[in-house]
1. Looking only at the stretch A:1-23, which residues are more than 10 Å from ligand 1 (Cβ to nearest atom) and surrounded by fewer than 16 Cβ atoms within 10 Å (Cβ to Cβ)?
2. Would the stretch A:30-46 turn up any residue that is away from ligand 2 (no atom under 16 Å from the Cβ), among the small types (Gly, Ala, Ser) and within 14 Å of another protein chain (Cβ to nearest Cβ)?
3. Name the single residue, out of those in the stretch A:333-350 being surrounded by 12 or more Cβ atoms within 10 Å (Cβ to Cβ) and among the polar types (S, T, N, Q), that is nearest to A:Arg285 (Cα to Cα).
4. Which ones in the stretch A:102-152 are crowded, with 19+ Cβ neighbours inside 10 Å, facing another protein chain (nearest Cβ under 9 Å) and in a helix (DSSP H, G or I)?
5. Within the stretch A:59-96, which residues are more than 10 Å from every other protein chain (Cβ to nearest Cβ), buried (at least 16 other Cβ atoms within 10 Å of the Cβ) and more than 21 Å from A:Leu33 (Cα to Cα)?
6. Can you tell me which residues in the stretch A:136-174 are within 16 Å of ligand 1 (Cβ to nearest atom) and of a type in the set (D, E, K, R)?
7. Picking from B:Leu142, B:Leu131, which residue would you name as being within 15 Å of B:Ser237 (Cα to Cα) and under 26 Å from the mean Cα position of the chain (by Cα)?
8. With respect to A:Leu10, determine if the residue is within 14 Å of another protein chain (Cβ to nearest Cβ) and more than 11 Å from ligand 2 (Cβ to nearest atom).
Amino acid sequence: MAPILDIKGLYKSYGSTEILKDINVAIDPGDFLVLVGPSGCGKSTLLNCIAGLEPISGGTLSIDGQDMTHVSPKDRDIAMVFQSYALYPTMTVAKNITFGMKVRGVDPKTQAAKLKKVAEQLQIEQLLNRRPGQLSGGQRQRVAMGRALVRDPKLFLFDEPLSNLDAKLRVEMRTEIKALHQNLGATMVYVTHDQIEAMTLATKIVVMKGGVIQQIGSPSEIYDRPANMFVADFMGSPAMNLIPARAMKNGSGTHIEIANSTGGSIVLKDTNGHDLPTDVILGVRPEDIAEPGTRQDGVHQDAECLVDIVEPAGADTYVVTQLGGKQVTARLHAKTNAQAGKSQTLSFDLSKVSYFEPGTGRRLN
Amino acid sequence: MTDAVYSNTGVRSQMTRIALRWLLYILLFAFALFYLAPLFVMVTTSLKSLEEIRTGDLIALPRDVTFDAWRTAWASACTGIQCEGVRPYFWNSVLIAVPAVMISTLVGAINGYVVAQWRFPGANIFFALMLFGCFIPFQVVLLPMARMLGLMGIAGTIPGLIFVHVIYGLGFTTLFFRNYYVTIPAELTKAAKVDGAGFFRIFWSIFLPLSLPIIVVTVIWQFTQIWNDFLFGVSFSQAGTQPITVALNNIVNSTTGVKEYNVDMAAAIIAGLPTLLVYVVAGKYFIRGLTAGSVKG
Ligand SMILES: Nc1ncnc2c1ncn2[C@@H]1O[C@H](COP(=O)(O)OP(=O)(O)OP(=O)(O)O)[C@@H](O)[C@H]1O
Ligand SMILES: [Mg+2]
């Protein structure tokens, strides 16, 4: 299948500051690509480059096999939902949605029919004669979606469309967008700095930092096998524990030695036969640290740890201990017996851990 | 016990508040009187006969109200050798001000739109130069402008004066619209571009409908400037194309013998009425436009 969007070696600078560096991304039809990264890393800029709203400084960009590097936004067959929604303030909702068709000279009958269909789809029929100023945030968001949907483009671009909504509405709309994507089978590029949004929506995630792509992969690839410490730390909540440790070859396996808070150390035996340097960073997700005997799958290694803090969070209880000079969070059963100040046996799932090089942050296994 | 104490201080603060409020009203009233006094004198004087002016008190109300002075000022006062009143000059001013205001406002709107929303290389320098244009003293441009008008063949004509006022007003109108349009989020323009709209389409369908407050501000500003202008009017006109400000000056300065204060006052009021009217009609938009912030919604 030919990719719908193909970006090759894209660079973007404002004056002498390089904002995007060597971006290479391809999206297949029906993909839901999420661009995620911290604020200011260039996500919106990349989206604007895809839309043609910002000229690019190097590289090429094609949509559905056609070179679009220098084509103006209106001829790219894309639709975009902006972070601020950017609804036309003096036009009614209906006019907002049909403006694009009107500009393109679509005949009024088709306009009305499409408007009706989209309004039904998004349940905004009763709002059609209002102005944006008379709508709530969630309603504006829907109208902005409607304006994009009505166009039926090759590619949808979303720039943090949910970031202005309250937490509850955000979760609702997230589900709705996911359903919309499944029903339409449309190709979407979605920008967010919310890693949970990224995980739940994406078929493919691009993690960016400082204008450079850190990793491209499916949500599970990104989550289970982060390419470097930045991705490991950024994706997942609570974040992956990154514990400084010493690796020592021991027969077919490796001993991972980690200093604990009482001056001693714990030793985990990794039997996967990774070839590790002496100094490593051990990356463990909080859910891969459990109480002994509660998880069946995986390769478990038990160790005694001193519990510093116990944080019940409803479904789970987070237990914080100190290892390798870092706070380490474990996600335990809600009814755990762990108590602050007491010792607790914790079981580490070594089949799921990641190893990173301390200097470069690169993944080792 | 404590209740009583509280209510006591409550009453006292209430009374201070009322006292302060009255003080404020009295002060404002005094200021209003001060500013209205000249207008009062002008209006009453214009309604008096010359006889009464000579014998009466400056601030007294007219004993016999007469509109003779107004009639004279409008249709038969002498501006030099001609004695047609201010009427022809009033229409000259209308013919100059109305097109000049319209053109400078429209062009300023487009300029402001470009500078604020279509950043082009050198946009900042362009805008800075434009701003600089606002601060060039009138006197400096007189000679070059006279030469320009001569070269263009419109020296001494009404189109010539329109041209001068449009050029001189553009700095201000561009500034007004630019400052208004920078508050409109750039995403609005982007959305319209993605929707397929072009430069003028976006201006016409999205920016202009948002612009009423700033249009009103600009129109009031420009109209006041152009209508009240004397220097350009006196420099670039000739007999038959002079605006009312020039005529007013001529009426006041060319009377020989007894000064007809009542006629002078009436002519001055006539000259000032249109700007007054514009303020009264559009004043509330003026305030709103000056304080209008970003576009909500
Ligand atoms: N017009 C511009 N001129 C110069 N620098 C710019 C311009 N627009 C953006 N930048 C810079 O480019 C970088 C990336 O900006 P961008 O808006 O793409 O970030 P982002 O990843 O979308 O962040 P956020 O999550 O906060 O929206 C920022 O450092 C910003 O300062
Ligand atoms: Mg952004």
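1. A:Met1, A:Ala2, A:Lys8, A:Gly9, A:Ser16, A:Asp22
2. no
3. A:Ser347
4. Across the stretch A:102-152, the qualifying residues are A:Pro132, A:Arg140, A:Ala144, A:Arg147, A:Ala148.
5. Result: A:Thr92, A:Val93, A:Ala94.
6. Of everything in the stretch A:136-174, those that are within 16 Å of ligand 1 (Cβ to nearest atom) and of a type in the set (D, E, K, R) turn out to be A:Asp159, A:Glu160, A:Arg170.
7. Numbers: B:Leu131 fails: within 15 Å of B:Ser237 (Cα to Cα).
Being within 15 Å of B:Ser237 (Cα to Cα) and under 26 Å from the mean Cα position of the chain (by Cα) holds for just one of B:Leu142, B:Leu131, which is B:Leu142.
8. Numbers: within 14 Å of another protein chain (Cβ to nearest Cβ): no; more than 11 Å from ligand 2 (Cβ to nearest atom): yes.
No.
The values are calculated or read from the model by the stated rules, or taken from the named source; none is laboratory data. Note that the structure is predicted; figures quoted are calculated from it, not measured. Neighbour counts run over all protein chains shown; Cβ positions are idealised from the backbone, glycine included.
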